[in-house]
Amino acid sequence: MADKIKVALNGYGTIGKRVADAVMRQDDMTLVGIAKTKPDYEAYVAAKKGYPIYAVDPGKAESKFKAAGLSIAGSNKEMIKKADIIVDCAPEGIGEENKKLYEELKKPAIFQGGEEHEVAGTSFNAAANYNEAIGKQFVRVVSCNTTGLCRLLYAVDKAVGVKKARVILIRRGGDPNDIKRGPMNAIVPDPIHLPSHHGPDVQTVLHNLPIVTSAVKVPTTLMHMHFVNMTLNKAVSRDEILGAIRQWPRMWLIPSWMNIKSTADVIEFGRELGRPRNDMMENAIWEESVTMDGDELNLFQGIHQESDVVPENVDCIRAMTGIEKDNMKSMAKTNKTLNIGVVSPWKCSP
Ligand code: NAP
């Protein structure tokens, strides 16, 4: 095997810590380290895992890390210098600021969905447009919602053709540890203006797909829920749609016998499977909801916001560095190493 790709994680929160663990599972990648602004329980676990910790602003952070008994390996600038590629998982909007550092050091970087498409110029989904990322210096892995939509819309568009998609997104208010976000007791049209930005975001990947979206936020932390309606190029059987979805391990058709009635059950299933952090990286599509009415397809899917972008980041690393030019091969490798594909094949921890 050629030299392993040296990956640095600039930002180690909800997304960064998961991408770091996923990188550690790849035999063609190594982790240079992770960067944070301050010591906390996530830094503690990173240290326990043996991940070198770099400080975003060592002048401010060094004494805090020292007081916490955690050693830092240097500044995040030093970490970036050692890496072949950076996965920027800093909070929304900070990636754009960090870009100056990547430009100065001439390093390729992956941004997350909290950044605007223009920050990278290329937005990514492994199934839909892997080739667009090959050899690029900057690419953005689209947000959790957009990733879930791109997977589904691409699969159905490839199989049958989508004339127009209309999607209602019911968004989680915050992540499980996100106490500062709400709503606490409300349903918030977000954004109030229609359509929402999610449709144009899908079009940064699926450039010609007509789509209209609207979104509300609700008081839950577990997952997002999408109601998806598509007008297809022709009327096809429900079985044809199910067959098209089944070809992609990153989408999971929930059989009715499993008695999974809600996003809470999906996450509980993740716990039962012994998945790290209960993560359900696959789109969770209720098979019973997949309904054809002439040329119209309707369905419900749950999206685990904390984890569905993780395999996409791993594939994006392979595409940008050019170590694997075939998206199907990269996705197969990522799926295998991350145990993606809930129903078959899967293993339960004892
Ligand atoms: P997060 O949990 O708040 O984590 C952010 C991390 O970045 C923390 O480790 C933080 O370190 C670090 N950080 C802060 N300032 C930094 C800087 N200047 N340079 C480098 N690192 C810095 O954020 P997140 O939820 O993982 O989101 C990261 C990105 O992924 C955002 O673009 C977001 O929109 C996107 N995204 C989030 C989700 C989701 O559901 N959470 C889903 C898909 C995509 P300290 O804690 O030490 O300050």
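The values are calculated or read from the model by the stated rules, or taken from the named source; none is laboratory data. Remember, predicted model here, so these are calculated numbers, not experimental data. Glycine gets a Cβ as well: all are built from the backbone with ideal geometry, and neighbour counts include every protein chain shown.
Residue by residue through the range 117-142, note down the ones that are in a helix (DSSP H, G or I) and closer than 18 Å to residue 7 by Cβ. If the condition is that a residue be in a helix (DSSP H, G or I) and closer than 18 Å to residue 7 by Cβ, then 120, 126, 130, 133 are the ones that fit. Here residue 285 passes the criteria (1) in a helix (DSSP H, G or I); (2) buried (at least 21 other Cβ atoms within 10 Å of the Cβ); (3) of a type outside the set (D, E, K, R) except the one numbered (1).
Only one residue in 271, 318 is away from the ligand (no atom under 16 Å from the Cβ), in a helix (DSSP H, G or I) and surrounded by fewer than 17 Cβ atoms within 10 Å (Cβ to Cβ). Which one?
Details: 318 fails: surrounded by fewer than 17 Cβ atoms within 10 Å (Cβ to Cβ).
Unique residue meeting the criteria: 271.
Among the listed residues 158, 164, which satisfies the condition of being away from the ligand (no atom under 16 Å from the Cβ), touching a strand residue (DSSP E or B) at 6+ places or on another chain (Cβ under 9 Å) and not in a loop (DSSP other than H, G, I, E, B)?
Values: 158 fails: touching a strand residue (DSSP E or B) at 6+ places or on another chain (Cβ under 9 Å).
That would be 164, the only listed residue that is away from the ligand (no atom under 16 Å from the Cβ), touching a strand residue (DSSP E or B) at 6+ places or on another chain (Cβ under 9 Å) and not in a loop (DSSP other than H, G, I, E, B).
Could we say that residue 306 is within 16 Å of residue 143 (Cα to Cα) and either assigned to a helix (DSSP H, G or I) or aromatic (Phe, Trp, Tyr) (or both) here? Don't jump to the end; show me each part of the working.
Working: within 16 Å of residue 143 (Cα to Cα): yes; either assigned to a helix (DSSP H, G or I) or aromatic (Phe, Trp, Tyr) (or both): no.
Criteria not met by residue 306.
Per the listing 264, 284, the residue uniquely under 22 Å from residue 113 (Cα atoms) and in the same structural domain as residue 211 (by TED's automatic domain parsing) is 284. Scanning the range 251-268 for residues that are surrounded by fewer than 19 Cβ atoms within 10 Å (Cβ to Cβ) and in a helix (DSSP H, G or I) gives 256, 257, 258, 264, 265, 268. Of the residues screened, residue 148 is not one that is among the small types (Gly, Ala, Ser), modelled with pLDDT under 95, within 16 Å of the ligand (Cβ to nearest atom) and assigned by TED's automatic domain parsing to the domain that holds residue 300.
Do we find a residue being buried (at least 23 other Cβ atoms within 10 Å of the Cβ) and acidic (Asp, Glu) anywhere in the range 289-302? No: zero hits.
The condition (being β-branched (Val, Ile, Thr) and touching a strand residue (DSSP E or B) at 6+ places or on another chain (Cβ under 6 Å)) is satisfied by just one residue among 80, 134, 94: 80.
For the range 89-116, give me the residue count where each residue is assigned to a helix (DSSP H, G or I) and under 15 Å from the mean Cα position of the chain (by Cα). Working first, answer last.
Our first condition is that a residue be assigned to a helix (DSSP H, G or I); within the range 89-116, this holds for 94-104.
Still in the running and under 15 Å from the mean Cα position of the chain (by Cα): none.
Number of matching residues: 0.
Starting from residues that are within 26 Å of residue 306 (Cβ to Cβ) and away from the ligand (no atom under 11 Å from the Cβ), keep the ones in the range 110-122 and report whichever is surrounded by the fewest Cβ atoms within 10 Å (Cβ to Cβ). Per the stated criteria, the residue is 118. Just one residue in the set 92, 96 is near the ligand (Cβ under 9 Å from one of its atoms) and among the charged types (D, E, K, R); that residue is 92. Among what's in the range 246-291 and is polar (S, T, N, Q) and in contact with a helix residue (DSSP H, G or I) (Cβ under 8 Å, 6 or more places away or on another chain), pick the residue that is nearest to residue 151 (Cα to Cα). Only one residue fits best here, namely 283. A search for C-beta distances below 8 Å between a residue of the range 259-281 that is within 19 Å of residue 14 (Cα to Cα) and any residue that is among the aliphatic types (A, V, I, L, M) and assigned to a helix (DSSP H, G or I), counting only pairs 6+ apart in sequence or on different chains, returns 278/267; 279/310; 280/266; 280/267; 281/310.
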